[in-house]
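A.B. asks: Below is one structure. I have some questions about it.
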Amino acid sequence: MNLIFNSLSVKKIALITLILSIISCSENNAVVVTSQSTGAQAENSAVYKFNDVIDRAGTPTKHKDYDSYQNQKFNPFFDLGAWHGFLLPESESNYGSFPGPLIIAEEYSLYIAEKLELLTIKDAISKQSYDFNKAEKSIHSRPGSLSQTYQFDDLSVELTLQYANNRTALVKTSISNKSSSSKKLSLLWQGRLLQQWDDKHTVEQALPNWQRNISADQYSVAISFSKQRNIWDILTSGSSEYQIKRSIAANTTIDSKAHTYQSESQLELASAEKQVLFTTHSYVHNQQEALQQQDLSNQILADSERYIQEAEQRWQSYLSLGLKQSNAAIEQQKIAVKAIETLSANWRSSAGALLHDSVTPSVTARWFNGTWAWDSWKHAYALAHFNNDLAKDNVRAMFDYQVDKTDSVRPQDDGMVIDAIFYNKDTARNGDGGNWNERNTKPPLASWAVWEIYQASNDIEFIKEMFPKLQRYHQWWYKNRDHNNNGLIEYGGNKHRFHNDAAGNISFSVKFVDNKVADFAVNHCQAEQEQWFNCSGMQVYKQLLENGNYTELDIGAQHGAGWESGMDNAARFGFINAEQLQTYANDKYQGDVELARKDWQVMFFENKSAQGALLGFSINQESVELNAYLANEKSLLANMAKLLGLTRVAEQYQQESLRLAARVNQCFFDQQSGFYYDRKISDTDKADQHGCLGEILVSRGRGPEGWSPLWAGIADKEKAEQVKNVMLNPDEFNSLVPLGTASQSNPAFDADIYWRGRVWLDQVYFGLIALNNYGYEQEATMLANKLFNNAQGLSANGSIRENYNPITGAVQGASNFSWSAAHLLMLYREFVVPNSKSNGEIEITKPAN
């Protein structure tokens, strides 16, 4: 996307908005969008219908103002891919300002002030200040804007904040003289940078070399930040800057030691006169952006009303397209609006190594200001229906780094899309970032997202662009993650410095029982701190598992395999804590922990090329949902090939999809427990009558992977009914907030552990689709209503969270979480029907293919 929002696109959106408003007017709860953006007509538009859907008030007191999950507190407003956002005032001391801002220092969100540009107004003659706290106040967030209005007997003050482009927010300040005589006013703007870094340290203590300098001229104030390359806390280039520009001249004084400024200007108003002032707030990462934004800010100030109108028209379009003009209950519409706002707030425009605009998981979560693969597929699927261009760019952002066979780092992974990309590449790519991840990929849902984008746009050119890339990615799985070449794929980890040593041998760390170090460890491992040993080699690893006298074991490839599945520490990948393992041992092996541990040990295969070169590692289990996803992807690739006139290719993919679907049903379903599981394999397995190897992994309990064949539509009908019964069992998945990431009967279940109990909304969505695909609409309705009624804050004005406690409904994890928002919007679009019940319950209908 261009740095500045394209005005031609705005005109197109405005035309679409006008057409939609004409065809969608009704007397029910449908959103009615008008083409006007000022006056009374604007207040009847969609953006004025949804006040404070998300609570955006807050008072930041430190740069890292974290909650217990290391989220930045409060829910700032961002838009248009900007890298800085704002709050509404919650205390009287901040009335007349938009607190913050929260900036993203390349990869980390940091508040830089409690507030900047705090407006104070005095009568220049009487010297009396207008006390905003004593005014009649109206303070709101709306889709696309923040606003404050203060009404005095003789004066009216209104401030609104919207975004003009992807580096600049625009504040409009309207001051009206309501009296019968003229007024002379003194306007004062003040700001002070935060002095506290976190709960324990001042800025000087935490970052003694970090300089923050304030400068000013007649129309502007600039805050520059010195270079700081603290890999896990803050990354600034040395020319990053926060720029404030006003449409009115002012005299500014600066206290460099206290990091404060104040600017003063005079304003005269005749009786009944209104004057409007404009201020731009820009955050830039480097000198190039700073120079470009200076000119753009001048353009914005010269034609501010146009940018304001464009912002409102754009948001009217988002809501019109996103809400589908259904007459759903207002509570349901608010959740959909909250989802649209969340996705839009996490939109980051291209910068650094991010070559296309994309939606990140969460602007407020400490580690989530980057772009992940399967997150992006989910975001794009939802964005397709209200911001199709961003949906496309979100996909492109990940495929920008699709590995090529000429790649200097990992040519063996030709076709793969890496897990996560950030502003900075990692050291292997000559960068200094710590969050960039090439250890694994993510589940194959890219074609699912691309097809949905096409369904929403009919843009065949996008299919032409993506089809060969999707083919290469699809084939990578069979080249690099099918150890025994039987067509059933495993998750694993790439060849990577965190998975293997320089010679390509698998690496791991181990802590022994009572410091009784095994003989093999003395010869093959290196002692590290706190009784840990670093080891490498497959034979050494096998000896360790056979020896068994260890208390803790950390295997890089195990983490890689879990991350590759997207279900990071799920029980099926051998993750279980010591207390749970003891309970499991008591139940199954009369308390013998060493015997019990063998059920949870994982082995790895070295996948090699025909020439014997290491390609990567597979975990020793074929995954049910990975193969269900691949069967679904084959069908989607067939659709794309047919659309492009590639008839023979389409037929081949469709036949492969049918064959793989049959094998999923043959190999991954356990008849006794009525559920689908992964399959544990070894190099010595002999195939059964269906060609299936190894054994069903029933011992590690049930997880949402068990309903993936139903989501893909490939499950046999009788098997689907048994899975449905498990999903609806109150002792399994039908908890207060249903469809958690481990059943309550799972030996590793814990309602507070990331992928071993918490409820993730993507898996809820897949589960509801799964039930719906097989005709269980009423059951899906019941579970959906339990989610909406019991997930804390979902129907109120709290932020959408990463996950929820299945037993209590309490919020967990990251705040303002994108893929949760994406799946809520999917649920709204695909399941909430026009005749929704007035009591806020939803009805399920079969989504259109």
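Coordinate-derived values only; no laboratory data. Nothing here was measured: the structure is a model prediction, and the numbers come from that model. Cβ placement follows ideal geometry from the backbone for every residue including glycine, while neighbour counts extend to all protein chains displayed.
A.B. asks: Which of Tyr66, Gln812, Ser240 sits closest to the plus end of the dipole of the chain, meaning its Cα is farthest towards the positive end, when Lys and Arg get +1 and Asp and Glu get -1 on the C-beta?
C.D. replies: Ser240
A.B. asks: Further, regarding this structure: Give me the one-decimal nm value for the distance between modelled label points at Asp519 and Tyr478, 7 Å along each residue's Cα-to-Cβ direction.
C.D. replies: The two pseudo-label positions are separated by 4.8 nm.
A.B. asks: Something else: So, in nm, how far is label Gln195 from label Asp303 when the simple model puts each one 7 Å beyond its Cα toward the Cβ?
C.D. replies: In this crude spin-label approximation the distance works out to 4.5 nm.
A.B. asks: Turning to a different aspect of this structure: Ranking request for peptides 350-358, 430-438: highest mean number of other beta-carbon atoms within 10 Å first, then the rest in descending order.
C.D. replies: 350-358, 430-438
A.B. asks: Measuring from centroid to centroid over Cα atoms, what is the spacing of segment 734-786 and segment 455-511 in Å?
C.D. replies: 28
A.B. asks: Let me ask something else about it. Can you return the lysines within cross-link range of Lys134? Criterion is Cα-Cα under 16 Å, with same-chain partners fewer than 8 residues away left out.
C.D. replies: Lys122
A.B. asks: Pop the C-beta distance of Glu92 and Asn327 into the FRET formula with R0 = 35 Å and round what comes out to the nearest 0.05.
C.D. replies: It comes to 0.30.
A.B. asks: Place a +1 charge on the Cβ of each Lys and Arg in segment 7-323 and a -1 charge on the Cβ of each Asp and Glu, then give the dipole magnitude about the Cα centre in debye, rounded to the nearest 20.
C.D. replies: 280
A.B. asks: Anything over 20 Å Cα to Cα? Flag those among Lys64/Lys425; Lys200/Lys227; Lys137/Lys183; Lys73/Lys338, in the order listed.
C.D. replies: Lys64/Lys425; Lys200/Lys227; Lys137/Lys183
A.B. asks: Still on this model: Would you calculate the convex hull of the Cα atoms in segment 417-504 and tell me its volume per residue in Å³?
C.D. replies: Cα-based convex hull of segment 417-504, divided per residue, equals 133 Å³.
A.B. asks: Could you sort 231-242, 68-79 so that the peptide with the highest average Cβ count within 10 Å comes first and the rest follow in order?
C.D. replies: Answer by packing, highest mean first, reads 68-79, 231-242.
A.B. asks: I need the per residue convex hull volume for segment 507-608, using only the alpha carbons, in cubic angstrom as a whole number.
C.D. replies: Hull volume over Cα atoms, normalised by residue count, gives 111 Å³.
A.B. asks: Any idea what the dipole of the chain comes to, in debye rounded to 20, about its Cα centre with Lys/Arg Cβ at +1 and Asp/Glu Cβ at -1?
C.D. replies: 1220
A.B. asks: On a full-extension model of 0.36 nm per residue, what is the gain between Gln531 and Asp685, subtracting their alpha-carbon distance, rounded to one decimal in nm?
C.D. replies: Gain in length upon complete extension: 51.8 nm.
A.B. asks: As a check on your grasp of the helix formula, calculate [θ] at 222 nm for the chain: sum -39500 (n - 2.57) over DSSP H runs of n ≥ 4, divide by the residue count, round to the nearest 500.
C.D. replies: -10000 deg cm²/dmol
A.B. asks: Any chance you could run the full-extension gain for Glu136 through Asp731? It's 0.36 nm times the residue separation minus the Cα-Cα distance, nm to one decimal.
C.D. replies: That pair, Glu136 and Asp731, stretches by 208.9 nm at full extension.
A.B. asks: Please report, in Å, the Rg and the Dmax of the chain, where both are computed over Cα atoms only.
C.D. replies: 28.5, 96
A.B. asks: Which value in nm describes the separation of the simple spin-label points at Leu643 and Glu204, placed 7 Å from the Cα toward the beta carbon?
C.D. replies: Placing both labels 7 Å beyond Cα along the Cβ direction yields 6.1 nm.
A.B. asks: Turning to a different aspect of this structure: Charges on Cβ only, +1 for Lys and Arg, -1 for Asp and Glu, centred on the Cα centroid of segment 507-608; of Thr551, Cys535, Phe512, which one is farthest towards the dipole's positive end?
C.D. replies: My answer, from the dipole projection, is Cys535.
A.B. asks: Give the peptides 457-463, 692-698, 110-116, 313-319 in descending order of average Cβ contacts within 10 Å, highest first.
C.D. replies: Result, highest mean Cβ count within 10 Å first: 313-319, 110-116, 692-698, 457-463.
A.B. asks: For Ser186 and Ser129 in the same chain, what is the full-extension length gain: residue separation times 0.36 nm, less their Cα-Cα distance, in nm?
C.D. replies: My answer for the length gained is 19.6 nm.
A.B. asks: Follow-up. Would you please state which residues of segment 199-221 a label at Asp432 would reach in this model, taking the label point 7 Å out along Cα→Cβ and a backbone N cut-off of under 20 Å?
C.D. replies: The answer is 204-213, whose backbone nitrogens lie closer than 20 Å to the label point.
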